[in-house]
Amino acid sequence: MDIQYDLSAAELLKILGYTQPSGRAWLEELKREKQIPLPSVYTEFMELAWQCPLFSTSNLWTGKILPRMYYDEIQEYIDDLKAHMDSAPAYLKNRYAPFVKLPREAWTDKLDDYLIIGSDFGGGEATFGIRRADLEQDDPPMYWHHERDPAAKWREDKQTLSSFLLEALWNVLEGSNYDTAERELEKSGWRIEEYFDPKKEDWVASKAVLKKQGIVYSELKRYKGDEGGKVFGCYDRDLNVIYTGSIADGEISLSAINRAEAEKVLLDIDDYDFPQEDG
């Protein structure tokens with residue numbers, strides 16, 4: 001078995017059949033409009049992910065919400081503040097109030113600008129972005145900002161953009177939060193197989209189950225799950241099967257994204273003959 005653990009998010013999309021560079025024109029327009037370069041990791045991914053239905057319920061913005069610059073977002077708030085300050089003095093306590101009388105060219109002394117490419121609404125709005133000064137890097141670090149934080153406070157989220165994109169994609173494919181991936185992939189001839197343990201009568205796997213599929217547990221890269229715990233994934237090149245799952249509270253779940261016409265690699269509850277209960 002040829003199990004691969006280090007595929008990029010763009011490579012995974014190509015395996016799933018998303019091979020058309022539909023986002024190329026939009027990326028060029030973004031660079032022209034905002035007068036910014038874009039990291040190669042981002043352009044390679046977004047050429048394929050732009051308007052991709054897999055991400056319709058993801059934290060990652062791929063068209064349903066458009067990426068934007070943090071300074072532009074602040075400017076929108078300031079314009080709103082100016083329109084309401086006289087009638088609502090409480091607006092003066094807004095965290096963006098200090099920027100009302102500060103020329104935009106002076107903002108760089110107060111805070112960095114960011115290209116915002118995603119958000120997480122769990123527990124209040126958090127946004128994810130790439131620092132403008134890092135946009136020339138191929139694979140820059142990712143930062144996040146919470147709406148209750150001071151305007152200048154951004155924390156490092158991931159050391160690389162590539163890890164951030166993989167985390168977003170593995171969460172989509174793992175599917176604990178939404179069934180978006182299952183619905184969309186079935187339209188393209190894929191089948192989702194969830195491992196079911198008949199002895200435990202539950203969808204619970206184990207390291208032994210992973211090993212049986214040729215997956216080395218210690219080789220798996222783990223990413224923060226949208227619903228807590230960790231998510232992981234890998235690809236069996238020989239069988240053309242993507243494995244994904246989660247680790248939470250000491251339990252492992254495992255699913256296989258397999259071609260609908262191929263032989264099953266995991267048995268689900270419907271594949272077992274359980275004795276019928278007397279009515």
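The values are calculated or read from the model by the stated rules, or taken from the named source; none is laboratory data. All values reported here derive from a predicted model rather than from experimental measurement. All Cβ positions, even for glycine, are placed from backbone atoms using ideal geometry, and neighbour counts span all protein chains on display. Keep in mind that these areas ignore ligands, DNA and RNA; they rest on the heavy atoms of the full protein, side chains included. Shrake-Rupley method; radii C 1.70, N 1.55, O 1.52, S 1.80 Å.
For SER40 and VAL265, a Förster radius of 35 Å and the Cβ-Cβ distance give a FRET efficiency of 0.55, rounded to the nearest 0.05.
Listed by chain and number, the aspartates and glutamates whose C-alpha is less than 18 Å from the C-alpha of LYS31, apart from same-chain residues fewer than 8 away, are GLU44, GLU47, ASP72, GLU73, ASP113, ASP134, GLU136, ASP138, ASP139. The distance between label points at TYR5 and GLU33 comes to 4.1 nm (points 7 Å beyond Cα on the Cα→Cβ vector). Per residue, the average separation of C-alpha pairs within less than 8 Å and at least 6 apart gives the stretch 97-221 a relative contact order of 11 percent.
Within straight-line reach of LYS199, meaning a Cα separation under 26 Å, sit the following lysines at least 8 residues removed in sequence or on another chain: LYS207, LYS211, LYS212, LYS230, LYS264.
Taking θ as phi - 60° and the Karplus parameters 6.51, -1.76 and 1.60, the scalar couplings of the stretch 197-212 work out to 9, x, 6, 8, 6, 7, 7, 10, 9, 7, 4, 5, 5, 4, 4, 4 Hz in sequence order, x denoting glycine and proline. Per residue, the accessible area of the chain comes to 54 Å², computed with a 1.4 Å probe over protein heavy atoms only. Carbon-plus-sulfur accessible fraction, the chain (probe radius 1.4 Å, protein heavy atoms only): 46%.
Rounded to the nearest 500, the helix-only mean residue ellipticity at 222 nm of the chain stands at -7500 deg cm²/dmol, with each DSSP H run of n ≥ 4 adding -39,500 (n - 2.57).
With the simple model of a label 7 Å out from the Cα in the direction of the Cβ, TYR96 to VAL204 spans 4.9 nm.
Across the chain, C-alpha contacts under 8 Å between residues 6 or more apart give a mean separation that, scaled by the residue count, equals a relative contact order of 18 percent. For the peptides 234-244, 133-143, 211-221, 96-106, residues were scored by their other Cβ atoms within 10 Å and the scores averaged per peptide; the highest-first order is 234-244, 133-143, 211-221, 96-106.
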